[in-house]
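Every number here is computed from the coordinates shown, using simple stated rules; none is lab data. Bear in mind that the values here come from a model prediction, so they are computed numbers and not experimental data. With ideal geometry, Cβ positions are generated from the backbone for all residues, glycine too; neighbour counts draw on all protein chains shown.
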Amino acid sequence: MKLSTSELSKIEFIDFHTHRKNFLPETLSVLSIELADLQNLALDNLDHKFFSVGLHPWRLPSTMDNILQDCKTLGKALQLPKVIAIGEIGLDALRGPDMKIQKAYFAENIKLARKLNKTLIIHCVRSYPELISIRKQFAPDLNMLVHGFNSKVKILEQLLEHDFYVSFGSISLKRDDICEYIRQNPECFNRICLETDDSGINIEDIYKRAAKVFEFDIQELKQIMKTNFISLFRDSDSV
Ligand SMILES: [Zn+2]
């Protein structure tokens, strides 16, 4: 594990999934980068400690002609220093190419995650039964974070049951039913993460809001996020 305890003790906030290139110095953020944008962004010039690289379902091609080449390029990107996760990747029933193509890419991502010991950061819209069944069948052992959760409480329950980590941002924290569920089931906190995604809100405010709606002490929340970070990315060589 490369992230030392003293390094971690200096961290105040962890942003598990963000597209923001600016962040507070005491924040540890996982910056999500689209594979196609990687060449224009020299990772070494970015101060972020960690990155995820992936092929977002919205930006997948409409044919499978290049799937092997795309995944080979992704495989190389995942071996760059500080890249700890594949993401965001996933399934979106409302946007992106045919679900058959999204599922084929997802399957290839699972193979890469297993081969390279990476966590998967997942974008999922109206495809939770498919996601859960893929996990059960092909990847019950891999670490998966469903980011920006904004679905039904029943789905949240199923995700937690199947050992997914689930990340909340500003929209999830406005959902009374989700917040109520978390308050009633504090044991699920070991699977909950916080994120800014592409919102304009900073992670400190997300923490404050989470502490308020979950009725949780903010210091305790910070500690839990650190523990969850370590366990979610435990297989990565860089953490
Ligand atoms: Zn995102």
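Key figures
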quantity: Restraint check, Lys152/Lys226; Lys49/Lys136; Lys76/Lys100; Lys82/Lys118; Lys10/Lys174; Lys100/Lys154, Cα-Cα greater than 23 Å; calculated: Lys152/Lys226; Lys49/Lys136; Lys76/Lys100; Lys10/Lys174; Lys100/Lys154
quantity: Chain lengthening between Lys212 and Asp37 when straightened (0.36 nm per residue, less Cα-Cα); calculated: 59.3 nm
quantity: Amide H partners (placed H, <5 Å) of Ile14, local residues excluded; calculated: Leu28
quantity: All Cα pairs of segment 5-232, percent lying beyond 31 Å; calculated: 18
quantity: Ranked packing of 94-103, 139-148, most packed first, by mean Cβ within 10 Å; calculated: 139-148, 94-103
quantity: Sum of -39500 (n - 2.57) over DSSP H runs of 4+, divided by residues of the chain (222 nm, nearest 500); calculated: -11500 deg cm²/dmol
quantity: D_trans [Stokes-Einstein, Kirkwood Rh over alpha-carbon pairs] for segment 98-189, 20 °C, 1.002 mPa s, µm² s⁻¹; calculated: 154
quantity: Karplus 3J(HN,Hα) series, Hz, for segment 145-155 with 6.51 cos²θ - 1.76 cosθ + 1.60 (x for Gly, Pro); calculated: 10, 8, 9, x, 4, 8, 10, 6, 4, 4, 5
quantity: Hz values of 3J(HN,Hα) by residue in segment 173-190 - Karplus curve (6.51, -1.76, 1.60), Gly and Pro given as x; calculated: 6, 8, 8, 4, 5, 5, 4, 4, 4, 5, 4, 6, 10, x, 5, 7, 4, 6
quantity: Total charge dipole magnitude, the chain, about the Cα centre, Cβ charges on Lys, Arg, Asp, Glu only, Debye to nearest 20; calculated: 440
quantity: Karplus-derived HN-Hα couplings along segment 200-206 (A = 6.51, B = -1.76, C = 1.60, θ = phi - 60°), whole Hz, x at Gly and Pro; calculated: x, 8, 8, 5, 4, 5, 5
quantity: Set of aspartates and glutamates with alpha-carbon distance to Lys208 below 15 Å, sequence-local pairs under 8 removed; calculated: Glu12, Asp15, Glu195, Asp217, Glu220
quantity: Rg ratio (alpha-carbon, reference 2.2 N^0.38 Å) - segment 136-239; calculated: 1.04
quantity: Selection from Met225, Phe106, Leu46 lying farthest towards where the dipole of the chain points positive, charges on Cβ; calculated: Phe106
quantity: Rounded, prolate or oblate (a/c below 1.5 giving rounded, otherwise prolate when a/b exceeds b/c) for segment 31-129 by Cα gyration tensor; calculated: prolate
